[in-house]
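First up is the structure itself, then whatever we jot down about it.
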Amino acid sequence: MQITDCSFQQLPFSKLFKTYTSAYGKLDAFYETSPFDEAQITRRFENFDFKGDRARTVEALRAFNEPFDHHQKARNNLERLQEEDALAIVTGQQLGIYGGPLYTVLKTISTIHLAQRMEKVLERPVIPIFWLADEDHDYDEVRSMQILSRDNIQQFELPAKQQPSPAVAEMSLPAGFAQLKEEVRSALYETEFSDDLWQLLDDCFSPDETYFKAFGQFICRLFSKYGLVLAGSNHPEVKEITKSILKRSVSNAEQLKDALAEQTEQVKISYHQQVTLYDSNIFWFSDSGARLKIDHPDEDSWIVSEGESWTTDELLQQIDKTPERFSPNVFLRPILQDALLPTLGYVAGPGEVAYYAQMKSFYASFERAMPVIFPRLSGTLIEPAVDRIMGELPFEFADYSQRIEDLESTYVEHSEQVDIEALFSDWKQKVEQISESRTSAIAEVDATLEGAAGKATAVYYGELDKLKGKVYRAVKQQDQTQLNRIGKIKTHLFPENELQERLLSPIYYMNKFGVDIWDDLLASLDEEETLNRHKLFEIQP
């Protein structure tokens with residue numbers, strides 16, 4: 001693959017993320033360590049002291065990883081995690097169908113790449129870890145997928161389920177999954193790589209398998225050969241190790257709430273609030289298996305919607321006795337994660353970078369420093385057929401983030417021999433000059449007719465606008481081939497006006513270019529790559 005890049009400033013990312021990747025110093029009040037300064041990272045971790053029990057962590061992760069078919073390199077890395085100076089670079093994602101959106105793969109590649117790089121920089125073991133979002137209960141966010149089919153976006157989704165739902169990880173792939181698979185396979189035309197792809201997918205996403213096992217196995221099959229280890233929190237041994245974090249979120253609830261609120265207010269001065277704040281940071285798994293938010297309406301009351309309630313002391317005792325019944329929210333999960341792992345850094349998407357900005361004081365309330373927040377690899381795959389026609393059009397990559405109507409208008413204006421806008425602007429200007437004098441003359445004859453004269457001019461302007469539209473359409477018809485190409489490029493690069501990585505499934509590219517395409521992409525990254533620009537991966541024919 002050939003790689004070029006594009007500034008995040010030219011693309012649809014948040015102001016905070018653009019600042020983070022281009023002018024980190026403006027945000028250092030919200031984070032601990034610059035991900036782009038190796039000297040700063042080295043100083044930060046020279047005397048890093050992991051407060052956890054490494055042997056106990058590794059024992060718990062062995063049990064967690066037992067259901068998966070790991071490569072020997074992953075098993076070796078799990079053992080290396082016991083070494084006193086070992087660190088971890090972590091990422092995580094929801095358990096989406098067939099791997100979720102493309103950015104799941106890009107986050108994983110980023111984590112492997114950064115672990116390899118940091119191991120050389122720091123001269124100590126750095127283990128890549130993928131944190132399965134095994135307590136997430138938002139089924140609606142993982143039940144659909146999109147692929148390209150004949151240059152059109154097709155969406156496939158599983159049946160909705162009644163809310164509230166249990167953790168998605170514990171749900172089995174529904175009966176409708178077999179139909180979804182056949183629909184997806186029909187939409188992905190057969191290639192020389194199709195048999196290998198579907199063998200892989202069927203091995204992982206087999207009927208009645210849980211989302212946890214299916215998604216985890218998919219990640220393992222693709223990336224455990226690089227030493228990637230899986231982790232998560234929906235496991236009794238992990239909960240036992242980390243229950244002190246859950247208990248502290250209860251006993252120090254007011255302090256933690258204030259820490260998040262104060263930091264969030266500071267973020268909101270110049271940027272945006274990514275995550276809504278609540279008075280509690282934990283969930284409860286009910287007897288029916290539903291994951292329910294625990295509310296904290298007053299100092300000594302904790303309640304859930306299904307009727308459970310506790311005093312603060314009762315809740316602390318319950319967590320101590322059955323930690324597996326409790327679950328962290330989006331703010332508490334990173335704290336729990338860092339209590340389990342010797343975390344050097346977390347590889348975050350743009351939204352995650354934003355909510356970490358709300359958390360610096362929250363970390364301090366647990367007597368912890370925030371890990372390095374590395375922006376994940378952000379990239380667009382450009383197919384050979386798309387690359388060829390891009391060179392024939394007057395647009396740069398970032399231009400295709402515009403609406404298709406705006407692209408077409410710009411192209412027509414660029415390609416036409418007659419400057420239509422100038423022609424009609426001059427026409428209107430001359431009409432305006434004539435109309436002013438004629439309207440004045442009519443007003444002298446009869447002042448009540450001045451309005452009618454103005455209306456006549458307005459009607460004329462309207463007819464000119466209609467004529468201009470007809471001229472544009474005539475030119476458009478004359479150059480429809482190029483306009484069709486603009487549509488094709490737009491669909492491939494910014495499908496439905498989204499970055500490709502946010503919408504399309506990775507299996508589209510695996511079917512077309514081989515299941516090892518991610519190995520090629522990882523190998524193409526420069527060893528010193530800092531991931532602070534959007535990458536354009538030109539796939540070679």
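Overview of results
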{"read-out": "Options Leu200, Leu493, Ser365, ranked by Cα towards positive dipole end of the chain, top entry (Cβ charges)", "value": "Leu493"}
{"read-out": "P(r) of the range 413-521 over all Cα-Cα pairs, binned every 5 Å from zero, in whole percent", "value": "2, 9, 12, 11, 10, 9, 8, 8, 7, 6, 5, 4, 3, 2, 2, 1, 0"}
{"read-out": "Segment Ala458-Asn76, length gained on full extension (0.36 nm per residue, minus Cα span)", "value": "129.7 nm"}
{"read-out": "The range 204-317: proportion of alpha-carbon pairs further apart than 18 angstrom, %", "value": "66 percent"}
{"read-out": "Euclidean distance between Cα centres, the range 138-171 to the range 230-271, Å", "value": "28 Å"}
{"read-out": "Normalised alpha carbon radius of gyration of the range 108-170 [divisor 2.2 N^0.38 Å]", "value": "1.72"}
{"read-out": "Two-decimal Rg to Rh for the chain - Kirkwood Rh, Cα set", "value": "1.08"}
{"read-out": "Listed residues Phe45, Leu27, Ser378: farthest to the positive end of the dipole of the chain (Cβ charges)", "value": "Ser378"}
{"read-out": "Lysine pairs with alpha-carbon atoms under 22 Å apart, the range 217-370, spacing 8 or more or separate chains", "value": "16"}
{"read-out": "Reachable lysines, given that their alpha-carbon falls under 19 Å from the alpha-carbon of Lys470 and they are not under 8 places away in the same chain", "value": "Lys428"}
{"read-out": "Carbon + sulfur, % of accessible area of the range 319-406 - ligands and nucleic acids excluded, 1.4 Å", "value": "46 percent"}
{"read-out": "Accessible area of the range 57-185 belonging to carbon and sulfur atoms, whole % at 1.4 Å probe", "value": "43 percent"}
{"read-out": "Mean ellipticity per residue at 222 nm, deg cm²/dmol - from DSSP H runs of n ≥ 4 across the chain, formula -39500 (n - 2.57)", "value": "-15500 deg cm²/dmol"}
{"read-out": "Viscosity 1.306 mPa s, temperature 10 °C, Stokes-Einstein D of the range 20-67 from Kirkwood C-alpha radius, µm²/s", "value": "116 µm²/s"}
{"read-out": "Net dipole in debye of the chain [+1 Lys, Arg Cβ; -1 Asp, Glu Cβ; about Cα centre; nearest 20]", "value": "340 debye"}
{"read-out": "Exposed-loop-free span, longest in the chain, where GluC sites (Glu not before Pro) count as exposed if DSSP calls them loop and at most 11 other C-beta atoms lie within 10 Å", "value": "397-526"}
{"read-out": "1.4 Å probe accessible area per residue over the chain, in Å²", "value": "44 Å²"}
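The values are calculated or read from the model by the stated rules, or taken from the named source; none is laboratory data. For clarity, every value in this text was computed on a predicted model and none was experimentally measured. Positions of Cβ are backbone-derived with ideal geometry, glycine not excepted, and every protein chain shown enters the neighbour counts. What goes into the accessible areas is simple: the full protein's heavy atoms, side chains included, and nothing from ligands, DNA or RNA. Shrake-Rupley method; radii C 1.70, N 1.55, O 1.52, S 1.80 Å.
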